[in-house]
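Asker: One structure, as structure tokens, below. Some questions next.
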Amino acid sequence: MKKQKKADPPKPQSSGKKKQKPEIVEGMIRITSKGMGYVSVKDRKDDIEIDAPHLNTALHRDTVLVQLYPRQHRVSGRDNRKQTGKVIKIIKRVKLGFAGVLEKDDGTYYLSATDKKMYVDIIIPSSKLIHAKVGQKVFGVITKWTDPKKNPQGEITHILGMPHDNDAEMLGISLEMGFESTFPVTVQKEAEKILSQSKKEFLSPIEEKKRRDFRDVITFTIDPDDAKDFDDALSVQKLPDGNMEIGIHIADVSHYVRPNSILDKEAVKRGTSVYLVDRTIPMLPEEISNDLCSLRPEVDRLTFSAVFTLDKNANVVHEWFGKTIIHSKKRFSYEKAQEVLNQENGEDKYFEELTLLNTFAKKIKKQRFEKGAISLDQDEVQFVLDPKGVPIEVRKKVRTDTHRLVEEFMLLANKRVAMYLTPKNKKDIKVFVYRIHDKPDKKKVAELVLFLAKLGYKVNLVNGLIPQKDLNELLQQLEGKEEKGTIQTLIIRTMAKAIYSTKNIGHYGLAFKYYTHFTSPIRRYPDVMVHRLFHEYLQGNTIEKEKWHHYEMLANSSSEREREAQMAERDSIKYKQVEYMSTRIGKEFDGVITGLTRWGIYTEEAESKSEGMIKLSDIKDDYYSLDEKTLTVVGKKSKREFKFGDKIRIKVVKADIDKKIIDYTLA
């Protein structure tokens with residue numbers, strides 16, 4: 001059993017100097033798999049190193065107060081050792097729940113966490129087992145941990161199944177990020193009640209008069225083939241003056257999910273839907289997300305719409321926003337819509353409408369990139385699973401014109417809604433929820449430029465940033481080259497993260513001065529907030545300033561839930577990649593070098609994008625080492641080189657599902 005390490009007594013400070021008051025700082029701590037902590041503090045260049053005995057119960061991503069230790073010695077006027085310290089207080093816990101295996105040692109039950117960054121085991125009293133058996137995969141929460149010299153105590157809340165069982169592993173991943181796969185009974189009952197009432201009276205005559213009727217306008221949805229909820233639809237019609245009217249119709253979730261209702265409180269708690277490899281964990285119960293608010297074909301649905309009149313150059317010459325009723329004529333998958341676009345004779349009933357939408361979407365996209373939007377589309381993988389959830393095949397997701405078509409009109413709606421609701425006069429400012437994306441950190445950009453230079457790519461800096469036009473030109477240069485994916489990933493890591501906020505600073509990546517999220521209220525809570533605020537303002541109402549702080553808090557919590565959902569999604573993909581390779585030990589694949597270190601070569605398998613490492617010590621034909629100046633791994637005698645983006649043939653040596661690690665070697 002992993003036990004908490006005891007701290008050494010503090011070392012006496014050297015005498016002869018006036019004792020200084022220790023410096024205390026606040027920051028977020030990262031825990032490594034070896035149990036070391038590193039605290040990042042705003043406006044500090046270096047992280048503060050915390051050894052295991054001085055973590056003082058801090059867990060990965062907690063916000064902590066740290067007391068800094070004096071640096072021990074200096075050489076040639078420079079600090080020669082890292083800044084160290086100890087955690088003195090936990091300001092904010094990120095999580096207290098962990099998935100893992102229930103174990104027993106010398107009569108004591110404990111949870112051994114799957115999370116490599118959980119450096120101690122959690123003691124489980126026998127009265128808190130809820131009938132869990134030793135060896136089962138379980139989920140438990142820490143209930144007491146006041147003494148950093150002792151292991152935490154906890155209780156089991158969920159019995160997940162057996163280790164490596166698909167359901168057990170996926171549920172464990174979602175629970176660790178705070179996403180329950182089922183809804184509380186009270187939430188479920190409220191959703192059922194709303195659905196039942198709607199079936200009795202879908203739309204009252206009074207409500208119908210408040211809405212613009214689009215039921216006779218050609219409208220359809222385009223979604224993934226396996227989608228169950230359709231929260232956006234497109235309508236299109238030619239106008240007598242030759243212009244085009246395009247409507248973006250969004251499910252009117254806020255009509256059914258009212259503020260402070262049981263449904264609303266659960267949606268706030270979840271913040272977003274989560275998309276794991278084999279399942280969706282929805283923000284709202286299926287009665288709402290897959291039925292009442294889903295824009296199904298051949299049924300009337302309530303929507304909140306953004307309707308644009310576009311001239312032949314795709315410029316917006318008129319816009320209208322408001323509550324509507326639609327009747328979708330067709331449910332397209334991306335693939336089926338693309339087949340229609342590809343028809344030579346255009347025999348499909350909706351060929352003309354899809355072609356018009358595609359033509360205008362391309363013009364809108366061209367305008368967007370001319371204004372500085374950055375193109376960072378990355379390859380995504382899709383697993384084909386057997387009935388037990390075991391991956392048997394991996395496919396790359398293909399982006400077609402229909403994907404881009406939908407994306408462009410959703411971006412247009414989000415941008416124009418934000419523009420419409422942002423007063424030009426600062427005196428008229430009102431609360432609103434924006435989707436913002438800050439400029440990249442200049443230090444990270446400088447490091448990226450140095451890295452690119454070593455790979456032979458020269459880019460210029462203007463005011464510490466790479467101009468967006470130059471960044472797009474670089475990405476065009478990389479087209480068709482093996483290192484493109486790696487460099488794209490590094491560029492993305494350089495970028496700030498997009499978040500929700502009531503304070504607008506624009507969206508750097510999209511090159512939009514105003515941007516929000518309006519188009520996905522079924523799966524994102526900020527979109528629900530935007531709908532509510534927008535409707536109030538369209539009615540001529542105002543939001544009291546006392547409530548502004550409430551919306552900022554909701555924006556912050558939504559940003560945090562989005563990050564946690566993304567981590568759960570990445571963890572599920574990584575798990576399936578390792579599981580996929582675990583049944584292919586000894587097999588050979590094509591790979592691409594994605595990273596180089598002093599101890600190994602990180603390599604990504606070409607089809608499944610499963611990343612693993614080739615240890616330098618396992619390459620037996622020579623002694624290899626990293627040349628940091630040229631970013632190459634070089635053989636001492638043969639001078640054989642390995643560099644970023646190189647295609648190599650690899651063999652799978654080991655795949656550790658528990659640690660989510662793959663070991664490759666050269667084939």
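Asker: With the structure loaded, tell me whether Phe183 is among the aromatic types (Phe, Trp, Tyr), modelled with pLDDT under 95 and part of a loop (DSSP other than H, G, I, E, B) or whether it fails that test.
Answerer: no
Asker: Exactly one of (1) in contact (Cβ under 8 Å) with a residue 24 or more places away in the chain; (2) part of a helix (DSSP H, G or I) is unmet by Lys193. Its number?
Answerer: (1)
Asker: What residue, among those in the stretch 569-617 that are closer than 21 Å to Phe451 by Cα and hydroxyl-bearing (Ser, Thr, Tyr), is surrounded by the fewest Cβ atoms within 10 Å (Cβ to Cβ)?
Answerer: Looking at residues that are closer than 21 Å to Phe451 by Cα and hydroxyl-bearing (Ser, Thr, Tyr), I get Thr597.
Asker: With respect to Leu461, determine if the residue is modelled with pLDDT of 90 or more, of a type outside the set (Val, Ile, Thr) and farther than 23 Å from Ile499 by Cβ.
Answerer: yes
Asker: Oh, and also: Quickly run through the stretch 402-418 and pick out the residues that are of a type outside the set (Val, Ile, Thr) and either surrounded by 19 or more Cβ atoms within 10 Å (Cβ to Cβ) or not assigned by TED's automatic domain parsing to the domain that holds Gly322 (or both).
Answerer: Leu405, Glu408, Phe409, Met410, Leu411, Leu412, Ala413, Asn414, Lys415, Arg416, Ala418
Asker: Here's another thing I want to ask about it. What single numbered condition from (1) surrounded by 14 or more Cβ atoms within 10 Å (Cβ to Cβ); (2) farther than 30 Å from Glu319 by Cβ fails to hold for Gln378?
Answerer: (1)
Asker: Just need a number here: residues in the stretch 620-667 that are in a strand (DSSP E or B) and without any contact (Cβ under 8 Å) to a residue 60 or more places away in the chain.
Answerer: Total satisfying the criteria: 14.
Asker: Residues of the stretch 298-322 being assigned to a strand (DSSP E or B) and over 34 Å from the mean Cα position of the chain (by Cα), which ones?
Answerer: Correct list: Val317, His318.
Asker: With (1) among the hydrophobic types (A, V, I, L, M, F, W, C); (2) touching a residue at least 24 places away in the same chain (Cβ under 8 Å); (3) under 27 Å from Asp231 (Cα atoms) as the list, and Val390 as the residue in question, which single condition is left unmet?
Answerer: Every condition holds for Val390 apart from (3).
Asker: Look through the stretch 381-398, keep the residues that are of a type in the set (D, E, K, R) and modelled with pLDDT of 90 or more, and return whichever of them is surrounded by the fewest Cβ atoms within 10 Å (Cβ to Cβ).
Answerer: Lys388
Asker: Find the residue count for the stretch 584-619, including only residues that are under 25 Å from the mean Cα position of the chain (by Cα), assigned to a loop (DSSP other than H, G, I, E, B) and not hydrophobic (A, V, I, L, M, F, W, C).
Answerer: Qualifying residue count for the region: 4.
Asker: What strands (runs of 3 or more DSSP E) completely inside the stretch 207-257 contain at least 1 residues that are surrounded by fewer than 16 Cβ atoms within 10 Å (Cβ to Cβ)?
Answerer: The qualifying strands (runs of 3 or more DSSP E) are 232-238.
Asker: Residues to consider are Lys458, Lys442; find the one that is in contact with a strand residue (DSSP E or B) (Cβ under 8 Å, 6 or more places away or on another chain) and without any contact (Cβ under 8 Å) to a residue 40 or more places away in the chain.
Answerer: Lys442
Asker: Return yes or no: is Ile262 within 27 Å of the chain's Cα centre (by Cα) and under 21 Å from Leu538 (Cβ atoms)?
Answerer: No: the conditions fail for Ile262.
Asker: I'm trying to understand the selection: among the residues of the stretch 375-416, which are in a loop (DSSP other than H, G, I, E, B), closer than 30 Å to Ala306 by Cβ and either among the acidic types (Asp, Glu) or touching a Pro at 6+ places or on another chain (Cβ under 8 Å) (or both)?
Answerer: Selection gives Asp377, Glu380.
Asker: Pairs under 7 Å by beta carbon, first residue under 15 Å from Val236 (Cβ atoms) in the stretch 308-327, partner of a type in the set (Asp, Glu) and in a strand (DSSP E or B), six or more apart or different chains?
Answerer: If the second residue must be of a type in the set (Asp, Glu) and in a strand (DSSP E or B), the pairs left are Phe308/Glu319; Thr309/Glu245; His327/Asp300.
Asker: Under 28 Å from Gln378 (Cα atoms) and outside the structural domain of Phe383 (by TED's automatic domain parsing), is that true of Lys609?
Answerer: Answer is yes for this residue.
Asker: List the number of the failed condition for Phe589; all other conditions in (1) touching a Lys or Arg at 6+ places or on another chain (Cβ under 7 Å); (2) within 22 Å of Thr489 (Cβ to Cβ) hold.
Answerer: Only one criterion in (1) touching a Lys or Arg at 6+ places or on another chain (Cβ under 7 Å); (2) within 22 Å of Thr489 (Cβ to Cβ) is unmet by Phe589, namely (1).
Asker: Still on this structure, please answer the following. Give the residue, chosen from Leu475, Leu471, Leu452, that is in contact (Cβ under 8 Å) with a residue 24 or more places away in the chain, under 21 Å from Leu596 (Cβ atoms) and assigned to a helix (DSSP H, G or I).
Answerer: After ruling out the rest, the residue left standing is Leu452.
Asker: Identify all residues within the stretch 107-160 that are under 31 Å from the mean Cα position of the chain (by Cα) and of a type in the set (Gly, Ala, Ser); write none if there are none.
Answerer: Matches in the stretch 107-160: Ser112, Ala113, Gly140, Gly154.
Asker: Here's a follow-up. Out of (1) surrounded by fewer than 15 Cβ atoms within 10 Å (Cβ to Cβ); (2) under 17 Å from Asp291 (Cα atoms), the odd one out for Asn260 is which?
Answerer: Asn260 satisfies all of (1) surrounded by fewer than 15 Cβ atoms within 10 Å (Cβ to Cβ); (2) under 17 Å from Asp291 (Cα atoms) except (2).
Asker: Here's another thing I want to ask about it. If I filter the stretch 70-81 for residues that are in a loop (DSSP other than H, G, I, E, B) and at pLDDT 90 or above, do I get at least one hit?
Answerer: Checking the stretch 70-81: not a single residue is in a loop (DSSP other than H, G, I, E, B) and at pLDDT 90 or above.
Asker: When you scan the stretch 150-163, do you find a residue that is out of contact with any strand residue (DSSP E or B) (no Cβ under 7 Å at 6 or more places or on another chain), of a type in the set (Val, Ile, Thr) and over 19 Å from Lys659 (Cβ atoms), even just one?
Answerer: No, every residue in the stretch 150-163 fails to be out of contact with any strand residue (DSSP E or B) (no Cβ under 7 Å at 6 or more places or on another chain), of a type in the set (Val, Ile, Thr) and over 19 Å from Lys659 (Cβ atoms).
The values are calculated or read from the model by the stated rules, or taken from the named source; none is laboratory data. This structure is a prediction, so every number in the text was calculated from the model and none was measured. All Cβ positions, even for glycine, are placed from backbone atoms using ideal geometry, and neighbour counts span all protein chains on display.
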